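Visitor: What follows is a structure written as C-alpha cells; I'll ask about it next.
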Amino acid sequence: MPRKANKIETRAIPIRLSDNMIEGIDMAIKLGQGNDRNDVIRTAIANYLKDVKIIDEIRKKTLK
C-alpha cells in the first residue's frame, strides 16, 4: 500500500556524525528500531524537541 503524500514541507540539511554514531544507528535498524537512517535521525530529533518543550512552542505559534 503506497504511503499518503506528506503535506509537510521538508528541506535537506547536511549533518556530520561520527563513525560510532552511524554504526549505532545501523545496529538499531538491524534490531528493528527504525526503517532507515533518516527515520532514526528524524525520530531522535523529534524526541529531543519534545523533551525540551519546543514542540509545544511551535504548536502555539501555528495556532495564532
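A short reminder: the numbers here are calculations on the coordinates, not readings from a lab. Remember, it's a predicted structure, so these values are computed and weren't measured experimentally. No Cβ is skipped: glycine too gets one built from the backbone with ideal geometry, and neighbour counts run over all protein chains shown.
Visitor: Restricted to segment 15-26, and to residues that are more than 14 Å from the chain's Cα centre (by Cα) and part of a loop (DSSP other than H, G, I, E, B), which residue is surrounded by the most Cβ atoms within 10 Å (Cβ to Cβ)? Walk me through how you get there before you give the answer.
Guide: Filtering segment 15-26 down to residues more than 14 Å from the chain's Cα centre (by Cα) leaves 16-24, 26.
Next cut, part of a loop (DSSP other than H, G, I, E, B) only: 16-18.
Details: 16: 5, 17: 12, 18: 8.
Once the filter is applied, the top-ranked residue is 17.
Visitor: Could you tell me how many of the residues in segment 27-60 are acidic (Asp, Glu), under 15 Å from the mean Cα position of the chain (by Cα) and part of a helix (DSSP H, G or I)?
Guide: Going through segment 27-60, the residues acidic (Asp, Glu) turn out to be 36, 39, 51, 56-57.
Those still in the list that are under 15 Å from the mean Cα position of the chain (by Cα) too: 36, 39, 51.
This time we only want the ones that are part of a helix (DSSP H, G or I), so: 39, 51.
Going through segment 27-60 one residue at a time, the tally reaches 2.
Visitor: State all residues of segment 34-64 that are among the basic types (Lys, Arg) and in contact (Cβ under 8 Å) with a residue 12 or more places away in the chain; if no residue qualifies, say none. First the steps, then the outcome.
Guide: Going residue by residue through segment 34-64, those that are among the basic types (Lys, Arg) are 37, 42, 50, 53, 59-61, 64.
37 - this is the single residue of segment 34-64 that is among the basic types (Lys, Arg) and in contact (Cβ under 8 Å) with a residue 12 or more places away in the chain.
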